[in-house]
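Novice: Submitted below is the structure of interest, expressed as structure tokens.
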Amino acid sequence: MKEKLNIAVLFGGCSPEYEVSLQSAAAVIRHMDRERFLPVPMGITRQGDWYCFGGSIEEIAADTWHLGETRFPVAISPDRTKPTLYQCAGNHITELHVDAAFPVLHGKNGEDGTVQGLFELMGIPVVGCGTLASALCMDKYRAHQIVQAAGIEAPRALVLERDAGMESAHALAEQLGYPLFVKPVRAGSSFGITKVADRKSLPAAVARAGQYDREIILEEAIPGFEVGCAVMGNDSLTVGEVDEIELAEGFFDYTEKYTLKTSAIHTPARIPAATARRVKDTAQTIYRALGCGGFARVDMFLTPEGKIVFNEVNTIPGFTEHSRFPGMMKAAGLELGLVVSQVIGLAVEK
């Protein structure tokens with residue numbers, strides 16, 4: 001019988017998206033094929049402590065994993081000849097061989113290339129995008145520049161340093177015109193994002209975005225609605241069905257993403273087949289332009305005139321049974337368990 005692969009599943013992390021990571025990681029572990037893979041849960045606390053966790057999946061989802069006696073401090077060896085984790089239990093140190101690392105970490109310090117670089121330095125295959133693609137996709141402004149160079153339209157945008165002052169902010173906003181969006185350049189799950197309708201609302205929006213990053217992006221508001229496309233693969237790509245975000249008001253902020261209070265997600269999107277095909281083709285172009293691998297969710301806007309405009313790429317999208325990426329793949333005939341197996345396989349083969 002073929003030996004099972006040990007897959008380190010990372011969850012938690014020093015990120016505002018800590019709670020979301022727990023739910024995604026629990027789903028990944030729950031749907032991992034135990035005939036082929038042995039999950040090695042690795043939790044990172046909000047403070048940045050790393051532990052190997054031996055308790056239940058329910059404890060991860062409930063955020064009680066770090067309270068009991070089933071967690072042990074873990075250290076990582078930088079030795080490329082021996083991809084090993086060192087688990088400390090009392091005075092004993094146990095070596096744990098790892099065949100691949102599956103970061104299920106959202107936002108900063110996990111989705112931005114930091115963790116990917118750590119494991120790539122060790123020579124351990126990483127499930128999903130690598131260091132460069134992860135860092136680029138987290139950076140909204142520079143991702144837009146690269147995608148535009150590939151021939152895909154992106155919103156007009158200008159960048160403001162956090163300490164530049166409101167005179168500079170007002171000048172940039174006047175160039176773009178209202179309404180506009182104010183965002184941290186590097187953050188996820190819509191943290192720090194505000195839709196600004198007029199000049200008087202700008203200072204609060206800039207201050208809010210500045211809480212999450214030293215660079216702030218001012219971006220034109222694109223008419224229409226948001227569509228997304230799940231993409232999976234390294235060389236040969238598999239795409240899910242396009243989904244559509246229907247908003248009653250405002251924009252798809254953190255609350256709406258995880259409660260859907262006044263919004264709805266339609267999978268497949270309520271658009272003509274020819275338009276869906278264009279969205280899928282555009283998503284693949286963006287995926288390749290940014291050097292993505294393994295999997296990612298590409299988000300775009302569809303204008304009333306039928307133009308496709310790039311929004312962003314999520315290199316570690318939500319992985320719960322109700323998240324958009326699994327939903328798009330399921331609509332294309334791929335259940336979550338199969339998706340988990342395939343993305344692990346893509347990392348190991350890479």
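The values are calculated or read from the model by the stated rules, or taken from the named source; none is laboratory data. For clarity, every value in this text was computed on a predicted model and none was experimentally measured. Glycine gets a Cβ as well: all are built from the backbone with ideal geometry, and neighbour counts include every protein chain shown. Protein only, heavy atoms only, side chains kept; ligands, DNA and RNA dropped before computing areas. Shrake-Rupley method; radii C 1.70, N 1.55, O 1.52, S 1.80 Å.
Novice: Tell me the residue from A62, A8 that is surrounded by fewer than 22 Cβ atoms within 10 Å (Cβ to Cβ), at negative phi and among the hydrophobic types (A, V, I, L, M, F, W, C), please.
Specialist: Going through A62, A8 in turn, the sole match is A62.
Novice: Can I ask one more? Would a scan of region 36-52 turn up a residue that is modelled with pLDDT of 95 or more, open to solvent by 10 Å² or more (accessible area, probe 1.4 Å) and aromatic (F, W, Y)?
Specialist: Among the residues of region 36-52, at least one is modelled with pLDDT of 95 or more, open to solvent by 10 Å² or more (accessible area, probe 1.4 Å) and aromatic (F, W, Y), which makes the answer yes.
Novice: Within region 1-116, considering only strands (runs of 3 or more DSSP E) that don't extend past its boundaries, which have at least 2 residues that are within 19 Å of the chain's Cα centre (by Cα)?
Specialist: 5-12, 37-44, 100-103
Novice: Would you please name the residue that is surrounded by the fewest Cβ atoms within 10 Å (Cβ to Cβ), looking only at residues in region 84-123 that are polar (S, T, N, Q) and more than 21 Å from D213 (Cα to Cα)?
Specialist: N91
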